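Q: One structure follows; several queries about it will come next.
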Amino acid sequence: MSVRRLAKDQPDSFDFSKDTLKKAQWWIAKYPDNRKQSAVIPLLWLVQKQEGWVSEPSLRVIAEMLGMPVIRVLEVATFYTMFQLSPVGRVAFVQLCGTTPCMLRGANDLNSVLKKKIGEPHHLSKDGNFSWEEVECLGACCNAPMAAINDYYYEDLTPQLLTQILDDFAAGKSPKPGSHIGRKSSEPKDAVHTLTDPKLYDGSAAKKIVIPNLPPKETNPKKAPAA
C-alpha cells in the first residue's frame, strides 16, 4: 500500500451539519461509554458523505467527540483507502477498476477517456466538479470493465458509454447505475442458457418445509429404576 497523507491545503475548521450530527450521535450511542471510540469509522464516513473528503480539522472534531488522541483517528483514516484525504469532484468522483479482468476487457481505454475528460488521476478538474483514480478489484469482474462513480457501480462500459455518462453528470443528470448493456446482475453477456425460469431463483418455487409430527413429550417421564 502506498503512503497516504493528508492534503497540503486544509480548511480552517470543520463542523457537522445539524442532520449529520444527529447521525453521529446515534452511532456513538450504539457503544458503551468506555467503548465509544469504536464509532470512529462511522464518524469518518459521515464526514466524507458531508464534505466529500476527510480533512485534518474533521479529525480533531472526531477525536474530541470520542475522547481519543487525534493520531489514533489519523491512523484509521490513512489505513482505509475508502477515506479520501483530499478533495474529490463535487459532481462525480470516479474510481476506475484496473485489475486484470477489467484491464483485459478495456479498462485502459476507459483510463484514456478519464484523462481526456477530467485530467490526471488524483487531481480535480478545472471546474472542481470531477476527479478520478484507478483502484484495485471492486468485485464486479463478471461485468468488466467497470467503475464506481460516487456511490454506485457502472458496469459493462465502453469508451463511448463512459463519455456519455460523464457528459450526463456534467449536465446535471443522474445516469442509471448498473450494467450498460442491459444484463441483470452478473448473468451471461449473451444468451442465457441456465436458470431461464425465474421460479428457479426468485424463491417462488421453493416448497414449504413440513416438519414431521414428533411423538408427544411425556409430562411425567418414568424415572429409571435405581441401580
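What follows draws every value from the coordinates through simple rules; no lab data is involved. These numbers were taken from a predicted model, which means no experiment stands behind them. Please note: Cβ atoms are built from the backbone with ideal geometry, for glycine as well, and neighbour counts cover all protein chains shown.
Q: Explain nothing, just the number: dipole magnitude of the chain about its Cα centre with +1 on each Lys and Arg Cβ and -1 on each Asp and Glu Cβ, in debye rounded to the nearest 20.
A: For the chain, the charge dipole is close to 1040 debye.
Q: Further, regarding this structure: So what are the ³J(HN,Hα) numbers for the range 38-44, from phi and the Karplus equation (6.51, -1.76, 1.60; θ = phi - 60°), rounded to whole Hz, Gly and Pro as x?
A: Working through the residues one at a time gives 5, 7, 4, 5, x, 5, 4 Hz.
Q: Taking +1 at the Cβ of each Lys and Arg and -1 at the Cβ of each Asp and Glu, which of 50, 31, 140 sits farthest along the dipole of the chain towards its positive end, judged by Cα position relative to the Cα centre?
A: Of the candidates, 31 comes out farthest on the positive side.
Q: Could you name the aspartates and glutamates in cross-link range of residue 8, using Cα to Cα under 16 Å and dropping any fewer than eight places away on the same chain?
A: Those aspartates and glutamates meeting the cut-off are 56.
Q: Rank these for me by crowding, 156, 15, 109, going from fewest to most other beta carbons within 10 Å.
A: 15, 109, 156
Q: Would you please give the FRET efficiency between residue 151 and residue 70, computed as 1/(1 + (r/R0)^6) with r the Cβ-Cβ distance and R0 = 35 Å, to the nearest 0.05?
A: 0.80
Q: Contact order normalised by length for the chain, with contacts defined as Cα pairs under 8 Å and 6 or more residues apart; what percent is it?
A: Averaging sequence separation for qualifying contacts and normalising by length gives 14 percent for the chain.
Q: A further question on this structure: For the residues 155, 136, what sequence is obtained by ranking on other C-beta atoms within 10 Å, fewest first?
A: 136, 155
Q: Still on this structure, I have one more. Let me know the shape class of the range 18-79, please: from the alpha-carbon gyration tensor, a ≥ b ≥ c as square roots of the eigenvalues, rounded when a/c is under 1.5, otherwise prolate if a/b is greater than b/c, or oblate.
A: oblate
Q: Where does helix 18-29 land angle-wise versus the long Cα axis of the chain, in degrees 0 to 90, nearest 10?
A: That works out to roughly 40 degrees.
Q: Sticking with this one: List the pairs from 176/199; 49/115; 117/173; 23/176; 22/49 whose alpha-carbon separation is above 21 Å, in the order I gave them.
A: Too far apart for the 21 Å limit: 176/199; 49/115; 23/176.
Q: Which FRET efficiency, nearest 0.05, do residue 19 and residue 187 yield, Cβ-Cβ r, R0 22 Å?
A: Rounded to the nearest 0.05, the efficiency is 0.05.
Q: For residue 112 and residue 200, compute 0.36 nm times the residue count separating them, minus their Cα-Cα distance, and round to one decimal in nm.
A: 27.5 nm
Q: By residue number, which cysteines of the chain lack any other Cys whose Cβ falls under 4.7 Å from their Cβ?
A: 137, 141, 142
Q: Over what distance in Å are the Cα centres of the range 71-104 and the range 122-151 separated?
A: 9
Q: Taking amide H positions as placed in the peptide plane 1.01 Å from N, state which residues far from residue 135 in sequence (5 or more) or on other chains have amide H under 5 Å from it.
A: Here 96, 97, 98 satisfy the definition.
Q: At a temperature of 20 °C and a viscosity of 1.002 mPa s, determine how fast the chain diffuses translationally according to Stokes-Einstein, using the Kirkwood radius over alpha-carbon pairs as Rh; express D in µm²/s, rounded to the nearest whole number.
A: 100
Q: Quick one: order 47, 3 by neighbouring beta-carbon count within 10 Å, fewest to most.
A: Ranked by crowding around the Cβ, least crowded first: 3, 47.
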